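Data first, discussion second: the structure below is written as C-alpha cells.
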Amino acid sequence: MNNTVTPFHIAIPVHNLAECRTFYREILNCEEGRSSDHWVDFNLFGHQLVIHYKPKTESTDQHHNPVDGHDVPVPHYGVVLPWETFESFSEELKNKGVKFVIEPYVRFQGLVGEQATMFFLDPAGNALEFKAFKDMGQLFAK
C-alpha cells in the first residue's frame, strides 16, 4: 500500500449557498478558494471541498445505519484527523454551539478499529463525520 495520502475532491449540493459558505468558513474554519455565483471551493484539512448550489427538494428523509449503538447518517463525508486535532476541533465545535447528530465519543473501545468520532449536519443537511485513531495503523484493520 502507498503511504502517501493525496488530497481528495468532493462536491456536495447545498440549497443555501450563503449560509453554507458562512458555516464552512466560520464554523469549520475552512479557507475559501475560488468561487462563482453557484459554487465555492474550500480547503477542508488539506482536501478540496466544493459546495454547489442545488435547489431544495421536497424530500428531507435521511437514511441511517446502526453502528456501535448509534444511528449513523448515510451518506456522510469527513476527514480522519490526528487524535489531538480531533480533540481540539470537537471542543471548538461544542463552543460554537454545533448541534451533533452523534456527540464526540470513542467507538469500538478496546476493539480493532477503536476510534474517536462525531457526526453533525451542515445547514443544508449534509452529514459530516470527523474521526481519529490513536493508532493510524488501525484505519483499515479487520
Provide a single number: the residues in segment 17-27 that are touching a strand residue (DSSP E or B) at 6+ places or on another chain (Cβ under 7 Å) and aliphatic (A, V, I, L, M). 1
For segment 95-117, which residues satisfy the criterion of being more than 21 Å from G137 (Cβ to Cβ), in a strand (DSSP E or B) and not β-branched (V, I, T)? F100, E103, P104, Y105
Which one is least open to solvent (accessible area, probe 1.4 Å) among residues in segment 1-46 that are assigned to a loop (DSSP other than H, G, I, E, B) and polar (S, T, N, Q)? N16
Can you work out which of the residues in segment 98-117 that are open to solvent by less than 60 Å² (accessible area, probe 1.4 Å) and of a type in the set (A, V, I, L, M) is farthest from E19 (Cα to Cα)? V106
Any chance P73 is farther than 24 Å from K142 by Cβ, touching a Phe, Trp or Tyr at 6+ places or on another chain (Cβ under 7 Å) and either at pLDDT below 95 or loosely packed, with under 10 Cβ neighbours inside 10 Å (or both): yes
Given the condition more than 19 Å from D71 (Cβ to Cβ) and in contact (Cβ under 8 Å) with a residue 12 or more places away in the chain, answer yes or no: does some residue in segment 102-112 qualify? yes
So, in segment 76-87, of the ones that are among the hydrophobic types (A, V, I, L, M, F, W, C) and assigned to a helix (DSSP H, G or I), which residue ends up least open to solvent (accessible area, probe 1.4 Å)? F86
Cβ-Cβ under 9 Å pairs, at least 6 apart or on other chains, segment 75-96 side polar (S, T, N, Q), far side in a helix (DSSP H, G or I) and surrounded by 14 or more Cβ atoms within 10 Å (Cβ to Cβ): none
If you check every pair at least six apart or on different chains, which have Cβ atoms under 7 Å apart with a residue in segment 124-142 that is closer than 21 Å to D71 by Cα and in contact (Cβ under 8 Å) with a residue 12 or more places away in the chain first and a residue that is charged (D, E, K, R) and surrounded by 13 or more Cβ atoms within 10 Å (Cβ to Cβ) second? L128/D122
Within segment 118-142, of all residues that are assigned to a loop (DSSP other than H, G, I, E, B) and charged (D, E, K, R), the one surrounded by the fewest Cβ atoms within 10 Å (Cβ to Cβ) is K142
Condition check: in a helix (DSSP H, G or I), within 17 Å of the chain's Cα centre (by Cα) and surrounded by fewer than 12 Cβ atoms within 10 Å (Cβ to Cβ). Does E92 satisfy that? no
Among the residues of segment 51-60, the number that are surrounded by fewer than 17 Cβ atoms within 10 Å (Cβ to Cβ) and in a strand (DSSP E or B) is 1
Given (1) under 23 Å from D135 (Cα atoms); (2) at pLDDT 95 or above; (3) out of contact with any helix residue (DSSP H, G or I) (no Cβ under 9 Å at 6 or more places or on another chain), number of the condition T4 does not satisfy: (2)
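The values are calculated or read from the model by the stated rules, or taken from the named source; none is laboratory data. Owing to the predicted nature of the structure, the values given are computational and were not obtained by experimental measurement. Neighbour counts are summed over all protein chains in view; Cβ atoms, including those assigned to glycine, are modelled from backbone coordinates with ideal geometry. Ligands, DNA and RNA are stripped out before the accessible areas are found, and what is left, the full protein with its side chains, is counted by its heavy atoms. Shrake-Rupley method; radii C 1.70, N 1.55, O 1.52, S 1.80 Å.
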